[in-house]
Structures are given as C-alpha cells and as structure tokens.
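Written below as structure tokens is the structure these notes are about.
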Amino acid sequence: MLDFTLFKIPVRVEPLFWLSGFLLGGGLSGSLDRAVLISILLWMLILFISILVHEFGHALVSRKLTGVTPSVKLWAMGGLAYPNTQLTRQQSFWVTWAGPLAGLAFFALTTLTCCLVYGFPGGSNVISFLMLPRDNITPAGALAFQAMDPVTFDILRALVFINFWWSLVNLLPVFPLDGGQIYAAVESSQKKVFQVGMVVGILVAIVAFFQFQLIFASLLFAYLAFQNYQRLQQLG
C-alpha cells in the first residue's frame with residue numbers, strides 16, 4: 001500500500017493497481033526481455049501519472065465547490081475520487097466532468113510539447129498517427145519519427161492512448177463511468193439511466209469484440225452492462 005499527500009489531498013495506491021497496470025501493459029506477453037520490460041514499466045508510470053491527473057481533476061473541483069477535502073484512491077479498476085461530502089446534482093455534474101477534461105488537457109499538453117520538440121507539422125503528424133495509426137504518414141511526420149528514440153515513442157503512445165482514447169470512452173453514458181454519472185446528474189429517472197447504460201454497454205462490448213478484437217474492453221463493458229441490469233432489477 002502506498003499512501004501520500006498531494007496538494008493537501010490524501011492519495012492511496014493499492015497493490016492491485018500496479019498488477020493490473022503490469023498486465024494491461026503486456027505482462028502476459030510470451031517473452032519479457034529487457035526491451036519489453038522497459039516498455040511495460042514506462043506504460044505503468046504513464047498510467048499512474050495519467051490516472052492521478054484524471055482523479056485530481058475530480059478532486060480539486062470537488063474541493064473548490066464544497067470546501068471539503070476529498071481523497072483519491074488508485075485501485076485495480078483505475079481510480080476513484082471521494083468527495084467526502086454529499087454533492088448536489090449541479091456539483092456532481094461539474095465534478096464528474098472535471099476528470100475527463102483534465103485527461104484531455106493533459107493530452108493537449110502532450111501534443112503541444114511534441115510540436116515544440118519536433119516542430120510543426122511534424123509533431124502534430126506524430127500525434128495524429130498515434131491517435132489513428134495508418135500506413136501513410138507525411139514527410140514531416142516521418143522525419144519526426146526518425147528523430148525519436150524508442151523510449152520517447154513508448155511514452156507518447158501511452159500518453160495519447162490513455163489521455164485521449166480512455167477519456168473519450170469514459171464519457172460514454174454507461175454507469176458508473178463518468179459519462180454515466182454525468183447523465184445521472186441531468187436525468188431525473190434512475191431507471192432510464194440504467195437502461196441506457198445497459199444498452200450502450202452491450203453495444204460497445206459487441207463492437208469491441210467483433211470489430212476490433214479488444215477482448216478486455218469487451219469483457220469490461222459486458223460487466224458494466226450487467227451491473228446496470230442488476231441496478232435496474234433492484235429498482236423493480
């Protein structure tokens with residue numbers, strides 16, 4: 001267990017956070033040679049920093065709106081920010097939005113830094129390629145890639161994947177993802193919140209599995225859909 005305080009907000013990092021990060025980073029790959037281990041460790045470091053940024057987006061806005069010091073926990077499924085007080089619907093709406101927006105701001109900072117280091121449009125070409133990999137890349141992007149060492153490439157790839165794609169996926173209206181909680185803050189019917197969460201969760205699970213062969217994402221959204229179904233049953 002790792003405990004520390006940042007910006008006067010207590011943070012707890014559970015051991016399973018590191019285990020899940022190791023597995024997501026390729027810990028089950030066939031051979032764990034030095035290069036693979038370095039890549040996995042870089043992924044774990046970027047995952048830690050990025051999720052911390054996301055949760056502190058929630059936590060700092062929560063403290064600003066309520067005056068109560070929140071707490072943050074990183075665990076096997078990612079991160080949680082506890083407001084440690086009851087939030088109004090309006091407060092919940094803004095506190096929830098703050099997490100994905102912090103991640104997207106971190107992505108924007110990554111893009112800006114890449115452009116400053118590798119020039120424009122070379123740096124932006126690199127980022128766009130990492131967002132949507134394709135066979136063709138512009139000459140400026142190719143030059144930027146040539147000037148980039150493997151460690152920098154691994155860092156950029158992890159930063160883009162986590163802070164851009166995960167932030168967007170997290171905004172899907174599937175409770176308890178941030179998108180589901182934002183929807184719950186503006187929708188008066190709990191039943192509708194869980195119905196939408198169940199349907200969207202099932203659709204995403206199907207697309208992730210059959211279209212992109214993303215087994216982990218498919219299992220995750222299938223589980224979230226089942227959770228929404230259970231909550232729906234509890235409402236009667």
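Taken together, the values in this text are just the output of simple stated rules run on the coordinates, not laboratory data. The structure presented is a predicted model; accordingly, all values stated were derived computationally and were not measured. Backbone-built Cβ (ideal geometry, glycine too); neighbour counts: all protein chains shown.
If you go through the stretch 68-81 and pick out every residue that is out of contact with any Lys or Arg (no Cβ under 7 Å at 6 or more places or on another chain) and surrounded by fewer than 20 Cβ atoms within 10 Å (Cβ to Cβ), you end up with 6. Within the stretch 8-22, the only residue that satisfies the criterion of being in contact with a Lys or Arg (Cβ under 9 Å, 6 or more places away or on another chain) and exposed (fewer than 12 other Cβ atoms within 10 Å of the Cβ) is Lys8.
Scanning the stretch 63-79 for residues that are farther than 15 Å from Leu6 by Cα and of a type in the set (Ser, Thr, Tyr) returns a single hit, Thr66. If you check Thr111, Thr96 for being in a helix (DSSP H, G or I), in contact with a Gly (Cβ under 8 Å, 6 or more places away or on another chain) and surrounded by 18 or more Cβ atoms within 10 Å (Cβ to Cβ), only one passes: Thr111.
Restricted to the stretch 1-38, and to residues there that are touching a residue at least 60 places away in the same chain (Cβ under 8 Å) and assigned to a loop (DSSP other than H, G, I, E, B), the residue that is nearest to Lys73 (Cα to Cα) is Glu14.
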